[in-house]
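Notes for the one structure printed next.
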Amino acid sequence: MTDREWMLRACALAEKGSGFVNPNPQVGCVIVRDGAVIGEGYHERYGALHAERNALKHCTEDPRGATMYVTLEPCCHYGKNPPCTEAVIAAGIRRVVVGSDDPNPLVAGKGLRQLREAGIAVETGVCKAECDRLNRIFFHYITTRTPYCILKTAMTADGKTATRTGSSKWITGEAARNHVHETRKRVAAILCGIGTVLADDPMLNCRLPEPHNPVRVVCDSRLRIPMTSRLVQTAGEIPTVVAACAADAEKQAMLEQAGVQVLLLPEEDGHVSLRALMRELGSMQLDSVLIEGGAELHEAALRAGIVQQVQVYLAPKIFGGKDAKPAVGGLGAETAADAYQLSAPEITRFGDDVLLDFMVKGASKCSPES
């Protein structure tokens, strides 16, 4: 097998940590000698062994003189685990093949330098695109300390998210909806607006066989969330945050008694400042947010410049009607030149439905401004 083939195997291992390692990166590692795997592993959970140490732990023979394939530059600093570079050097690995450079200021090339100074042959950039894709979230979070935001919507062919009566179940089929839950499993938090809570009383949980529920966050400027809502009623089971900008000591106390964390944040255009909210969520080590709100929240998120990725699930249906609900509200662009610009989409089929996966052009690479 080639270096590329071994690295793709390491990528497949890294994927297994999806949703369980936040805010750490997803990393996979394969150790090879004479064309055969003698050890492999991945970062399984936050706080658990890093991929390199996990692979060394599972070696079936002495790894001295072997080649290590790892999807991300080995760390060289102390955190919840000691430096992986120390373990690689001590194990006598002869050659290390790396997919992605680590932008973490604590690493950022220092890990590669330590390996080379120890006499280990190091090659980088193998399957870089595939390895970088694994850690879009980590790369954004570690360099900005704000969450990577994915705006998700499901719409009909004519761009409607609900009929004029508000009916929306179900626009897409089961396969597409299951994929949404895969995304919920992968992210650290899910965000909606109070309008969605009042209209749908959602659970915002992950309904997969091995779920990893994101922290549920509600933008609720005036603390209107009902104490009887399913989010409040289950706040003791799934972490739930309500972001407000108007103090109501009595309601806040009731919510906190029910297990809800209430954040009082600055106001912007009459609503919770989304940029302030992202800074707060980042300080809570929530590295990623799936925005599943209504049209007004979607427009506010785009206008605030907090969105990095847009996922549109498109169903072969037409609702019609001038009063049917659109995916993005607000005033919208004044001219065609003012439109939010997206990349060419990656396209995936789910039965009759299609996922259009866009990156936001010019999305902020630094922390949202104060």
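The values are calculated or read from the model by the stated rules, or taken from the named source; none is laboratory data. Since the structure is predicted, the reported quantities are computational estimates derived from the model, not experimental observations. As a convention, Cβ positions derive from the backbone with ideal geometry for all residues, glycine included, and neighbour counts pool all protein chains shown. Heads up: the accessible areas ignore ligands, DNA and RNA and are worked out on the full protein's heavy atoms, side chains in. Shrake-Rupley method; radii C 1.70, N 1.55, O 1.52, S 1.80 Å.
See the values below:
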item	result
Surface share of carbon and sulfur [accessible, 1.4 angstrom probe, percent] for the range 110-249	48
Viscosity 1.567 mPa s, 4 °C: Kirkwood-radius Stokes-Einstein D of the range 1-159 over Cα pairs, µm²/s	82
Which of ILE306, ALA247, LEU286, positive extreme of dipole for the range 210-358 (C-beta unit charges)	ALA247
Cα-based equivalent ellipsoid, the range 296-370: semi-axes from gyration tensor eigenvalues, Å	24, 18, 11
Principal-axis tilt of helix 174-186 within the chain, Cα atoms, nearest 10 degrees	60
Share antiparallel - DSSP beta bridges, the chain, percent rounded to 5	45
Under 19 Å from LYS128, Cα to Cα: lysines that are on another chain or at least 8 residues apart	LYS16, LYS110
Residue order for TRP6, TRP170 - accessible surface, 1.4 angstrom probe, largest first	TRP170, TRP6
Reference-scaled alpha-carbon Rg (2.2 N^0.38 Å with N residues) for the range 8-60	1.08
The range 233-277: proportion of alpha-carbon pairs further apart than 16 angstrom, %	40
Peptides 38-50, 68-80 ordered by average Cβ neighbours within 10 Å, highest first	68-80, 38-50
Net charge dipole size for the range 178-292 [Lys, Arg +1 and Asp, Glu -1 on Cβ; Debye, nearest 20]	220
Per residue solvent-accessible surface (Å²) - the chain, probe of 1.4 Å	46
Cα-based convex hull, the range 237-309, per residue volume (Å³, whole number)	110
Relative packing of peptides 343-352, 156-165 - highest average C-beta neighbours within 10 Å first	156-165, 343-352
Cα-Cα pairs of the range 236-370 separated by more than 25 Å (percent)	40
On Cα atoms only, tilt of 3-15 relative to the major axis of the chain in degrees	50
Rounded to whole Å, sorted largest first: equivalent-ellipsoid semi-axes of the chain, Cα gyration tensor	41, 23, 19
Value of D in µm² per second that Stokes-Einstein yields for the range 1-90, Kirkwood Rh from Cα pairs, at 25 °C (0.890 mPa s)	191
Around GLY39: net Lys/Arg minus Asp/Glu count, Cβ-Cβ under 9 Å	-1
Apportionment of accessible area to carbon and sulfur, the range 1-75, percent (1.4 Å)	48
P(r), alpha carbons of the range 39-126 - 5 Å bins starting at zero, rounded %	3, 16, 28, 29, 18, 6, 0
